[in-house]
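Take a look at the structure set out below.
The values are calculated or read from the model by the stated rules, or taken from the named source; none is laboratory data. For clarity, every value in this text was computed on a predicted model and none was experimentally measured. Here the Cβ positions follow ideal geometry from the backbone for every residue, glycine too, while neighbour counts run over all protein chains shown. Heads up: the accessible areas ignore ligands, DNA and RNA and are worked out on the full protein's heavy atoms, side chains in. Shrake-Rupley method; radii C 1.70, N 1.55, O 1.52, S 1.80 Å.
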There are 2 protein chains.
Amino acid sequence: MDMIKEISCAPVSRRESRRLDRREIILNVAAQSFLEQGYASTTMSSIAAALGGSKGTLWSHFPSKEALFEAVIDRATAAYRAKLSEILDTRGDFSTTLKRVCAGIMEKILSPEAVSLYRLVVAEAGRFPEMGRIFYNRGPRRTWELLAEFLSSAMNDGIIRRADPLDAARFLVSLCMADCHQQLLMGMIQSAPPEAVERDIDRAIAVFMNTFAADAARLDG
Amino acid sequence: MDMIKEISCAPVSRRESRRLDRREIILNVAAQSFLEQGYASTTMSSIAAALGGSKGTLWSHFPSKEALFEAVIDRATAAYRAKLSEILDTRGDFSTTLKRVCAGIMEKILSPEAVSLYRLVVAEAGRFPEMGRIFYNRGPRRTWELLAEFLSSAMNDGIIRRADPLDAARFLVSLCMADCHQQLLMGMIQSAPPEAVERDIDRAIAVFMNTFAADAARLDG
DNA sequence: AGAAAAGCGTACCATATGGTATGGATATGA
DNA sequence: TCATATCCATACCATATGGTACGCTTTTCT
């Protein structure tokens, strides 16, 4: 009887499962509030109210507002990372794949949730140093690593010149984020028009290929 | 008697001058608080306390927290713009000047105040739509325009290929902001080490020249 | 069936918030 | 000199905050 308990690390007991469900719901509600209101403007009371539940329950799951916030950021970045891994589909020739990958990255990065998350991180990074680190490692870093893997194989195939794949990936991503993303962040636009995104992608790839094509001039020694 | 009053638009009366001084002090204190605490976490009471003055005085100058905030952003962006105009000194040959100009822009952009302001704008742009517009027009836009002016003359001299100067300027600035600025925003570093800034500049210029040098390949039609 | 866990509802706490009102001190302008 | 503009200090307001406490019901485990 005890054996069954021990061999399963996932929650078996129904109680535990229900509790995790509740926790999940709390995190959803809290995430929504934090992402669209910011940290300071989000109140525990309003979260409890939105839950339909009581404050006691809230505090039984998270001992403080700060702990809740950290859990939310943790989960949001994890979700972000999960969405990213869907992107890398390297079927087809290089330039087709490159464009598809860029489009995938752009779509994730420009999504309202990602923009809200980015805003929140930038806003609170000064006050919550760990948060910036978590986001950085799970967000941008993962994106670069995924891209770098793809670019690395292209380097091996001699399609683009050999260089640090991670540097190349960072370069490409920063090129993609130069226009629409900036304007979204500063509220100049509410959503990125597809044609503008397309233009960003094309420009980014053009500059990237101009820099990294196999026959391109070396930039540094 | 009325004439004297009318011909001078600057504050003549000592009362008025004192009042403006007080207003200036309020704006300084408020700016500091908003920039390092964010909007929601900054309290009017704490500002009044830091002033040494009373709340009555505060509210006699600004009818609400929101009004104070707008005035602060207005002034901060104006100050930012003033600092920018110091940058453009086009003596010397093109590449020397280009590097100096980039270094100047980087120095402004990476300064703690500029980073705080950028953070605040990004954080609150969703809630204060006008603020993003003000910042955008007085900050990035001015920077681009200054740079564009310089690049435009370089185009006329045939040093770089003819293109939309504003586009080229935006491109160069976005290249400069790709690394250190990002890391500062996300709290990965507390200040940008000079050698990293130097590296950012060199990379940006290399890519820029690779793209815009007179003999570079056209990127788009 | 009965113990325990989890959640709910609500009342409560000290504190702080944005904002108002008032009365007095001080400097300024006519 | 004298009215007035400005400021300061303080007390105050309704409301809201993060967080605690407690008694009650429902669900789960044994």
Check: Of the residues in the stretch B:116-126, how many are touching a residue at least 60 places away in the same chain (Cβ under 8 Å) and either of a type in the set (D, E, K, R) or closer than 15 Å to B:T143 by Cβ (or both)?
Finding: 4
Item checked: Test: B:A206 is in contact with an Asp or Glu (Cβ under 7 Å, 6 or more places away or on another chain), within 12 Å of chain A (Cβ to nearest Cβ) and small (G, A, S) -> yes
Item checked: Within the stretch B:107-221, helices (runs of 4 or more DSSP H) holding 3 or more residues that are surrounded by fewer than 17 Cβ atoms within 10 Å (Cβ to Cβ) -> B:129-138, B:140-156, B:194-212
Next item on the list: Kindly indicate whether A:E70 is away from DNA strand C (no atom under 11 Å from the Cβ) and assigned by TED's automatic domain parsing to the domain that holds A:L146.
Entry: no
Item checked: Among the candidates A:F62, A:F94, residue that is away from chain B (no Cβ under 14 Å) and either at pLDDT 95 or above or within 12 Å of DNA strand D (Cβ to nearest atom) (or both) -> A:F62
Next item on the list: Inspect the stretch B:90-105 for any residue being closer than 21 Å to B:S33 by Cβ, open to solvent by less than 40 Å² (accessible area, probe 1.4 Å) and free of Cβ contacts under 8 Å to residues at least 60 places away in the same chain and give the result as yes or no.
Entry: no
Check: Filtering the stretch A:20-65 down to residues that are open to solvent by 70 Å² or more (accessible area, probe 1.4 Å) and in contact (Cβ under 8 Å) with a residue 24 or more places away in the chain, which residue is farthest from DNA strand C (Cβ to nearest atom)?
Finding: A:E36
